[in-house]
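Notes follow the structure.
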Amino acid sequence: MQVLRTPQALNRRLEPHRNKKNSVGFVPTMGFLHEGHLSLVRRSKKENDITVVSIFINPLQFGPKEDLNRYPRNIKRDKSLLKKENTEFLFIPETRDVYAEDFQTTAKVGYLSGRLCGRSRPTHFQGVATVVLKFLNMIKPSSLYLGQKDYQQFRVIEKMVEDLNLAVHVKMHPIVREKDGLAMSSRNVYLNKKDRAQAPVLYQALKAAVRAVKTGERNTSRIKAGMRQVLKKAGTLRLDYLEIVDARNLAPVVTLDKNVRVVAALAGFFGPTRLIDNILIKA
Ligand code: PAF
């Protein structure tokens with residue numbers, strides 16, 4: 001595995017592959033890798049000639065009171081995990097090589113960024129879209145791999161790619177879960193023992209929504225009421241939002257229709273730790 005630290009070095013190494021028309025898969029991460037990330041790497045490896053993984057804790061996507069400074073890091077472990085997957089390139093840039101001192105241009109995906117997580121994290125998706133756009137320009141991959149756990153992020157980036165005519169396929173990969181259903185996330189390490197035991201309730205609520213739809217329920221208020229009942233089991237959970245939205249435009253849906261794919265999405269705090277999860281549902 002070649003580890004590259006600057007956009008210039010990365011470009012030098014990728015140029016021969018581009019000239020040979022090799023397909024390049026790109027997996028952007030903020031490190032502290034888990035099976036969810038590794039499943040993206042495996043898929044990229046399967047579908048492309050070479051795979052580039054980035055590890056960059058992007059300051060632009062953290063709000064002033066968020067966890068930028070304590071975001072978990074373990075580069076040594078990440079490198080060894082990526083080596084085991086036979087990853088060809090690892091890009092670990094410094095912040096100054098991504099954002100020059102007088103950096104002043106950002107990418108903003110309008111409506112989609114303001115929905116769901118965007119309400120409590122108003123600048124988050126602008127930060128995500130900006131860094132992903134920059135990395136797409138640096139790497140020029142054929143395909144970009146994103147996890148379904150950050151479904152809104154996937155849609156924001158997919159829309160940016162469509163709106164700006166970027167030449168990359170955006171591919172979403174299913175959520176990888178712990179045995180008890182908790183969606184894998186680098187932030188799960190923040191949870192204390194009690195909260196960790198309660199956290200699978202998020203997935204249990206999502207499964208309750210799927211069950212309700214299977215038994216014929218089409219009214220999203222009633223589906224959400226059932227989900228809230230499940231969430232009550234977790235005494236320490238502070239719900240941020242619980243919504244059932246159109247999977248494409250993330251607009252709220254009142255009555256399910258068999259022609260519209262919806263996503264049930266939620267976010268909640270266990271102590272200071274904010275977790276998200278979602279499930280795609282077809283009526
Ligand atoms: O999902 C993440 O880890 C980040 O939002 C991403 C896509 C790497 C951009 O910083």
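List of remarks:
- Cβ-Cβ under 7 Å pairs, at least 6 apart or on other chains, segment 255-266 side closer than 13 Å to residue 220 by Cα, far side small (Gly, Ala, Ser) and not in a loop (DSSP other than H, G, I, E, B): 264/209
- Scanning segment 172-225 for residues that are over 25 Å from residue 29 (Cα atoms), part of a loop (DSSP other than H, G, I, E, B) and in contact with a Leu (Cβ under 7 Å, 6 or more places away or on another chain) gives a single hit, 218.
- Checked against (1) surrounded by 15 or more Cβ atoms within 10 Å (Cβ to Cβ); (2) over 24 Å from residue 185 (Cβ atoms); (3) out of contact with any strand residue (DSSP E or B) (no Cβ under 7 Å at 6 or more places or on another chain), residue 223 meets all criteria but (3).
- Subset of segment 55-64 that is in contact (Cβ under 8 Å) with a residue 60 or more places away in the chain and in a loop (DSSP other than H, G, I, E, B) - its residue that is nearest to the ligand (Cβ to nearest atom): 58
- Hey, residue 97 more than 16 Å from the ligand (Cβ to nearest atom), over 17 Å from residue 68 (Cα atoms) and of a type in the set (D, E, K, R) or not: no
- Scanning segment 146-165 for residues that are near the ligand (Cβ under 10 Å from one of its atoms) and under 16 Å from residue 36 (Cβ atoms), we see that the one that is surrounded by the fewest Cβ atoms within 10 Å (Cβ to Cβ) is 154.
- The condition (being among the acidic types (Asp, Glu) and either within 30 Å of residue 130 (Cα to Cα) or touching a helix residue (DSSP H, G or I) at 6+ places or on another chain (Cβ under 9 Å) (or both)) is satisfied by just one residue among 195, 277: 277.
- For segment 13-54, filtering for residues that are under 19 Å from residue 154 (Cα atoms), within 12 Å of the ligand (Cβ to nearest atom) and among the hydrophobic types (A, V, I, L, M, F, W, C) leaves 6.
- Scanning segment 226-263 for residues that are closer than 19 Å to residue 198 by Cβ, surrounded by 12 or more Cβ atoms within 10 Å (Cβ to Cβ) and not basic (Lys, Arg) gives 226, 227, 230, 231, 234, 236, 237, 239, 240, 241, 242.
- Residue in segment 65-72 that is under 14 Å from residue 27 (Cβ atoms), hydrophobic (A, V, I, L, M, F, W, C), within 15 Å of the ligand (Cβ to nearest atom) and not in a helix (DSSP H, G or I) present: no
- Looking only at residues of segment 186-200 that are among the small types (Gly, Ala, Ser) and away from the ligand (no atom under 16 Å from the Cβ), we find that the one that is surrounded by the fewest Cβ atoms within 10 Å (Cβ to Cβ) is 197.
- Of all residues in segment 79-100, those that are over 12 Å from residue 45 (Cα atoms) have Cβ atoms under 6 Å from Cβ atoms of residues that are polar (S, T, N, Q) and crowded, with 20+ Cβ neighbours inside 10 Å, 6 or more apart or on another chain, in 91/54.
- When residue 86 is tested against (1) within 17 Å of the chain's Cα centre (by Cα); (2) more than 14 Å from the ligand (Cβ to nearest atom); (3) of a type outside the set (Asp, Glu), exactly one condition is not met: (1).
- Out of 225, 183, one residue alone is in contact with a helix residue (DSSP H, G or I) (Cβ under 6 Å, 6 or more places away or on another chain) and either within 16 Å of the ligand (Cβ to nearest atom) or at pLDDT 95 or above (or both). It is 183.
- Between 268, 216, the distinction of being buried (at least 17 other Cβ atoms within 10 Å of the Cβ), modelled with pLDDT of 95 or more and not polar (S, T, N, Q) belongs to 268 only.
The values are calculated or read from the model by the stated rules, or taken from the named source; none is laboratory data. Because the structure is predicted, anything quoted here is derived from the model rather than measured. A quick note on method: Cβ atoms are made from the backbone with ideal geometry, for glycine too, and the neighbour counts reach across all protein chains shown.
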